[in-house]
Every structure is written in structure tokens, then in C-alpha cells.
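The values are calculated or read from the model by the stated rules, or taken from the named source; none is laboratory data. Note that this is a predicted model, so its numbers are computed, not measured. Note: ideal-geometry Cβ built from the backbone for every residue, glycine included; neighbour counts use all protein chains shown.
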Amino acid sequence: MTSGDLASRFECTWPTTTRHLRVLVDAGLLRVQTEGRERQYQLDVDALETVAGAWIQRFQRSPVDDANGA
């Protein structure tokens, strides 16, 4: 998605969104490709799983939870 597409989904301004995107690019969580005057952003799923995978797993249901109706 472009930064404009992403910014339109949130209530913050476009410059604020682009600053947040820059932080995520610098952290290696987003990849950016320039196409003409636009920048296309794509989530690096592998990097996100590396950084946040263990934390996310804490919130996933286990087979025991599903069997107990949790």
C-alpha cells in the first residue's frame, strides 16, 4: 500500500503516518519500494514473526482451550 492509502485508514495526519512508516522501515518490519512518485510499503512478515512471534503466541488458543470451549 502507499503511505496515502495507509494514512486514510487512521485519524492521524499523513505526515504523522509517514513518520511512523519510516520507523517501521528502519526497524526492518516494513519494506518500501519506490514506483514513480509513490512509495509502496509491504509488511515483512518474517521480521515481524522474529520480533513479536513469542509475544503473539501467548494470545493464541491452544487445542486444550478449544476443547474446553474457551
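Where residues in region 37-70 are basic (Lys, Arg) and assigned to a loop (DSSP other than H, G, I, E, B), which of them is modelled with the highest pLDDT?
Applying the filter and picking the extreme gives 37.
Are there any pairs, at least 6 apart or on different chains, whose C-beta atoms fall under 8 Å, with the first in region 27-50 and at positive phi and the second among the hydrophobic types (A, V, I, L, M, F, W, C), and if so, which?
Close Cβ pairs (under 8 Å, with a partner that is among the hydrophobic types (A, V, I, L, M, F, W, C)) amount to 28/47.
Before we move on, is residue 28 in contact with a helix residue (DSSP H, G or I) (Cβ under 7 Å, 6 or more places away or on another chain), small (Gly, Ala, Ser) and at pLDDT 85 or above?
When the stated conditions are applied, residue 28 passes them.
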